[in-house]
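Visitor: Here it is: the structure, laid out below.
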Amino acid sequence: MSAKRIVVKVGSGVLTGEKYHDVNPEVVSRIARQVAVLIKQGRKVAIVSSGSVAIGARHLEVGRRDLSIPVQQAAAAVGQSDLIGLWANGLGAEGLKVGQILLTHDDLANRRRFLNARNTINTLFDFGFVPVINENDTVAVHEIKFGDNDTLSARVTNLIEAGLLAVLSDVDGLYSSDPRLDKDACKVDIVDRVDDSILAMAKDSSTRTGLGGMASKVRAADEAARFGAATIIIPGAKENSLLDALAGKRIGTFFFPHENKMSGKKHWIEYTLKSQGSIIVDKGAKDALTLNGRSLLASGITDVKGDFESGEAVDIVGSDGRTIAKGLVNYHSPELARIMGRKSGEIEKILGYKIYDEVMHRNDMVFSG
Ligand code: GLU
């Protein structure tokens, strides 16, 4: 595989071996050796590593099953320094140095912070350092969480425009059903496109420790595919699994990227931004958007729902209630309530100013389905 930039996602289950609390530094060294080879080949590698909660729980002497959110957050705070230490040691033995990056969903939902994070990672690459990324669990409550590091790794793939997402897991790929329950379960080697049947398979199989399980890995692969990146799900603790997979050996499950990839900005709108409201449009506006490739104008808007600022993501919804597209809106909701149904030429008279003719520009819009 020729990917110049690779995101290597390492799950807690890969680092901890059979017993949840025991982190195995040998596995870190094994992965570090392979990362060093990839970097010597001239590639840039960012690691997304879980493990802070698992490690922290051991220090706090609490069992993993019954951790409340505050205890998980405390465990993450305690475990993160050990986790970064493990990577610093493992990669250090290969002559590589690390930079720690902790992100929340909110960080990537803000375009300026998204670009700042990208700049920092690119600067680390310029210095030859390896970014080691995790969710900032200490501050991430539900609303601003990625939820699991599979999702985070897909966002990082978009963030750094990587060509490959390598998900190192404690299972050796996607199975047709759960291999522990079904002796006829077989491994899927290649996925052209994530569809309902693939998602159904993923729902049936699970991983040992990770938060996301197989379903979130497959969703991450789909998200990466839309951005034009391939994904491999491979057994992470196995010697050389990453290099073998890159050399084309039949290992794990390979997900093809889509041919018509979304631009980085559209991918960001679709996956990273949460919709803050909706704009209801009439049939004329719907046709102009879907059939004629036009931007959204005020004249076709019949209703505005929710309370949003300009620059935020909102859905465009047809009169039948179906979402047509999602995108960045140029006017905030009280302005829209005043100009909806009116011609662009009237906007200035109504508001006393006009920012744009378009309520939502075509280039800031992603269509559903
Ligand atoms: N961020 C969590 C940790 O470091 C892990 C999340 C996950 O396993 O997906 O423990």
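Visitor: Would you please name the residue that is modelled with the highest pLDDT, looking only at residues in region 187-208 that are within 14 Å of the ligand (Cβ to nearest atom) and surrounded by fewer than 20 Cβ atoms within 10 Å (Cβ to Cβ)?
Guide: Once the filter is applied, the top-ranked residue is Ser206.
Visitor: Still on this model: Under the condition of being aliphatic (A, V, I, L, M) and not in a helix (DSSP H, G or I), which residue from region 219-233 is farthest from Leu165 (Cα to Cα)?
Guide: Here the residue is Ile233.
Visitor: Here is a further query. Name the one entry in Ala54, Ala32, Ala36, Ala3 that is touching a strand residue (DSSP E or B) at 6+ places or on another chain (Cβ under 8 Å), of a type in the set (A, V, I, L, M) and in contact (Cβ under 8 Å) with a residue 60 or more places away in the chain.
Guide: Matching residue, one of Ala54, Ala32, Ala36, Ala3: Ala3.
Visitor: Restricting to region 209-261, name every residue that is within 16 Å of the ligand (Cβ to nearest atom), more than 18 Å from Arg5 (Cα to Cα), touching a residue at least 24 places away in the same chain (Cβ under 8 Å) and not β-branched (Val, Ile, Thr).
Guide: Listed by number, the residues that qualify are Gly210, Leu211, Gly212, Met214, Ser216, Lys217, Arg219, Gly236, Ala237.
Visitor: Something else: Which residue is nearest to the ligand (Cβ to nearest atom), if the candidates are limited to region 175-186 and must be of a type in the set (Asp, Glu) and touching an Asp or Glu at 6+ places or on another chain (Cβ under 9 Å)?
Guide: Asp178
Visitor: Determine if region 42-52 includes at least one residue that is crowded, with 17+ Cβ neighbours inside 10 Å, under 20 Å from Gly128 (Cβ atoms), within 13 Å of the ligand (Cβ to nearest atom) and hydroxyl-bearing (Ser, Thr, Tyr).
Guide: So far as region 42-52 goes, yes, one or more of its residues are crowded, with 17+ Cβ neighbours inside 10 Å, under 20 Å from Gly128 (Cβ atoms), within 13 Å of the ligand (Cβ to nearest atom) and hydroxyl-bearing (Ser, Thr, Tyr).
Visitor: Name the single residue that is nearest to the chain's Cα centre (by Cα) among those in region 137-174 being over 21 Å from Val14 (Cβ atoms) and within 13 Å of the ligand (Cβ to nearest atom).
Guide: Lys145
Visitor: Tell me whether region 255-269 contains one or more residues that are within 16 Å of the chain's Cα centre (by Cα), among the hydrophobic types (A, V, I, L, M, F, W, C), buried (at least 20 other Cβ atoms within 10 Å of the Cβ) and under 13 Å from Lys326 (Cβ atoms).
Guide: yes
Visitor: Does Asn330 count as of a type outside the set (Phe, Trp, Tyr), over 30 Å from Val37 (Cβ atoms), part of a loop (DSSP other than H, G, I, E, B) and free of Cβ contacts under 8 Å to residues at least 24 places away in the same chain?
Guide: So Asn330 does not fit the description; no.
Visitor: Further question on the same structure: Might you check whether a residue that is without any contact (Cβ under 8 Å) to a residue 24 or more places away in the chain, part of a loop (DSSP other than H, G, I, E, B) and not acidic (Asp, Glu) occurs anywhere in region 270-290?
Guide: No.
The values are calculated or read from the model by the stated rules, or taken from the named source; none is laboratory data. Computed from a predicted structure; not experimentally measured. Here the Cβ is made from the backbone with ideal geometry for all residues, glycine too, and neighbour counts use every protein chain on show.
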